[in-house]
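Just below is one structure, and these are the notes that go with it.
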Amino acid sequence: MKNMKKGFTLVEILVAVSIMMIISGLILGGFTFSQRKSRDAKRKSSLSQISRALELFNEDFGRYPIGVDGEIVGCQSGAGSVLEACNWGEEVSGYPDGVYQLYISKLPSDPKVNFDYFYESDGSDINLYAALENDNDVDYRGDLTQECGSGVTCSYLLTGYGVEVE
């Protein structure tokens, strides 16, 4: 009888490793796509929350906060003080008629680094912008020119009337 060695050949090992790499690549690709969709859903939800807070501000002050360089100028540090730019990630509050009013406890910021929300308003209407990562999203807009971060073009617009579509 011949001496039989037990084990795998190099070819068998390479085939097994190749199959595992293909399967893990497919799984990772799906996972990355799911993360993008999740961040986009969070963006839409955050802008909706901001919009509702700004509606409350409008009811109290009779106008929307002004937008300057993408920031919401609608925060007051005390009764009678001047409205200042609100910081993303901090509360939006004011003192209509001298009484403290909290509009949103934390002004949401974009979930991805180097992406930002952008706000514009002249006081009569609002536009809230975000950059969606999934260009197959039903609300994705390729016609916007506003920048939502360093070199990132906005692709989602929420107005005082709701989502604007092409």
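Any idea which of Gly94, Gly98, Gly89, Gly78 is touching a strand residue (DSSP E or B) at 6+ places or on another chain (Cβ under 6 Å) and modelled with pLDDT under 95?
None of the other options fit; the residue is Gly94.
Just one of (1) at positive phi; (2) surrounded by 21 or more Cβ atoms within 10 Å (Cβ to Cβ); (3) of a type in the set (Gly, Ala, Ser) trips up Ala131, so point out which.
(1)
If a residue must be part of a strand (DSSP E or B) and of a type in the set (S, T, N, Q), how many such residues does segment 97-119 contain?
The number of residues fulfilling the criteria is 1.
Output the qualifying pairs, or none if there are none: Cβ atoms under 6 angstrom, residues six or more apart or on different chains, first residue in segment 45-66 and free of Cβ contacts under 8 Å to residues at least 40 places away in the same chain, second residue small (Gly, Ala, Ser) and surrounded by 16 or more Cβ atoms within 10 Å (Cβ to Cβ).
Close Cβ pairs satisfying both conditions: none exist.
Name the single residue that is nearest to Leu132 (Cα to Cα) among those in segment 10-42 being modelled with pLDDT under 85 and not small (Gly, Ala, Ser).
Among residues in segment 10-42 that are modelled with pLDDT under 85 and not small (Gly, Ala, Ser), the one nearest to Leu132 (Cα to Cα) is Phe33.
Of all residues being aromatic (Phe, Trp, Tyr) and under 21 Å from the mean Cα position of the chain (by Cα) in segment 23-63, which is surrounded by the fewest Cβ atoms within 10 Å (Cβ to Cβ)? Just the residue, please.
Phe31
Criterion first (exposed (fewer than 12 other Cβ atoms within 10 Å of the Cβ), within 30 Å of Glu120 (Cα to Cα) and among the hydrophobic types (A, V, I, L, M, F, W, C)) does Val73 satisfy it?
Details: exposed (fewer than 12 other Cβ atoms within 10 Å of the Cβ): no; within 30 Å of Glu120 (Cα to Cα): yes; among the hydrophobic types (A, V, I, L, M, F, W, C): yes.
So Val73 does not fit the description; no.
The values are calculated or read from the model by the stated rules, or taken from the named source; none is laboratory data. Not measured: the values here are computed from a predicted model. With ideal geometry, Cβ positions are generated from the backbone for all residues, glycine too; neighbour counts draw on all protein chains shown.
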